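*Asks:* Dumping the structure here so I can ask a few things about it.
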Amino acid sequence: MTFGEQMSESSLFSGRTLIVAFEGWNDAGEAASGTARLLVKAIAGHSAYSTDSQSYYDYQFARPQVFLNELGKREFKWPTATIFRPELPDLFDLRVLLGVEPSRNWIEFSKEIADAVDSEEIDSVIFLGAMLADAPHTRPISITATTTNEAVALETATELSMYEGPVGILSVLAAEFEARDIPTLFLWAAVPHYVHNGPVPKATLALVTSLEKQLNIEFDHGDLANEVFAWERAVDELAEGDEDLAEYVAALEKSRDEIDGATGETIAAEVEKFLRDSDDER
């Protein structure tokens, strides 16, 4: 279902919640990871746990980065996954898991993360993802809520996912959490496929807003609103200078307006199409 007024508040997500996002396959336009980074900054998060890089990453695909530290010396930043705790836990009773999708040993990785989550006494988990979609950049970014948990589906009026096909690390982690009786929910942003090569702040804002509604918490958005305005203006200018692109965007706008009240099944079908198409490209 599309996230919005239709979604019911849930007692399942009223306790300590873990927000999860990974760079990689499920992060079109860096919307999911961008949301997690904004949350880490908003809660003044500090590292509570990180996975070992060498156990889970192929550095030819997830390359380390080099940077200069405060003393001007070169240091490496290795791909990993980190759980962040808030500086003020009484104000933000949540945790954020942010990382790079691992290259191997997914089952071991998921168990290690779940063990760390157990120690943080997490009550529920919300996964953030972003998919490429036939969506115009001139319309609001659609957020789709799905779950594999029947209790969550009933209590939140969210559709129970019946998806079959290729998955990312989010699904494997969700299965591990559910096996430990930790309820999970997915929020998916539909990113315009023709502008996904760089960050899409409009999709990030849509995910942040959806999280705020679900958790009944307001986060500091920083300069995100200005970034959205600048991004929209840049894409508008790009379309104005390309007749074919302008016609394509107009066609997407017409299609979007015709199905603006689309059912969850329609949008969920977009998620499934994205996952299958991505697998075919591999």
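*Asks:* Residues that are modelled with pLDDT of 95 or more, β-branched (Val, Ile, Thr) and in contact with a helix residue (DSSP H, G or I) (Cβ under 7 Å, 6 or more places away or on another chain), at least 1 per element: which helices (runs of 4 or more DSSP H) completely within the range 164-282 meet that?
*Replies:* Ranges flagged: 169-179, 201-215, 224-240.
*Asks:* Of everything in the range 120-148 that's over 30 Å from Lys254 (Cβ atoms) and touching a residue at least 60 places away in the same chain (Cβ under 8 Å), which residue is surrounded by the most Cβ atoms within 10 Å (Cβ to Cβ)?
*Replies:* So the residue we want is Phe127.
*Asks:* Could you look through the range 67-79, keep only residues that are in a loop (DSSP other than H, G, I, E, B) and touching a Pro at 6+ places or on another chain (Cβ under 9 Å), and pick out the one that is farthest from Tyr56 (Cα to Cα)?
*Replies:* Residue satisfying both the conditions and the ranking: Trp78.
*Asks:* Now for a separate question. So which residues in the range 1-29 are assigned to a helix (DSSP H, G or I) and either in contact with a Lys or Arg (Cβ under 9 Å, 6 or more places away or on another chain) or at pLDDT below 95 (or both)?
*Replies:* Ser11, Leu12, Phe13, Gly29 - these are the residues of the range 1-29 that are assigned to a helix (DSSP H, G or I) and either in contact with a Lys or Arg (Cβ under 9 Å, 6 or more places away or on another chain) or at pLDDT below 95 (or both).
*Asks:* So which residues in the range 48-66 are surrounded by 12 or more Cβ atoms within 10 Å (Cβ to Cβ) and assigned to a strand (DSSP E or B), if there are any at all?
*Replies:* The answer is Ala48, Tyr49, Ser50.
*Asks:* Could I ask something else about it? Which ones in the range 154-179 are of a type in the set (Val, Ile, Thr) and over 15 Å from Ser103 (Cα atoms)?
*Replies:* Hits for the range 154-179 are Thr156, Thr158.
The values are calculated or read from the model by the stated rules, or taken from the named source; none is laboratory data. Quick caveat: nothing in here was measured; it's all calculated off a predicted structure. Note: ideal-geometry Cβ built from the backbone for every residue, glycine included; neighbour counts use all protein chains shown.
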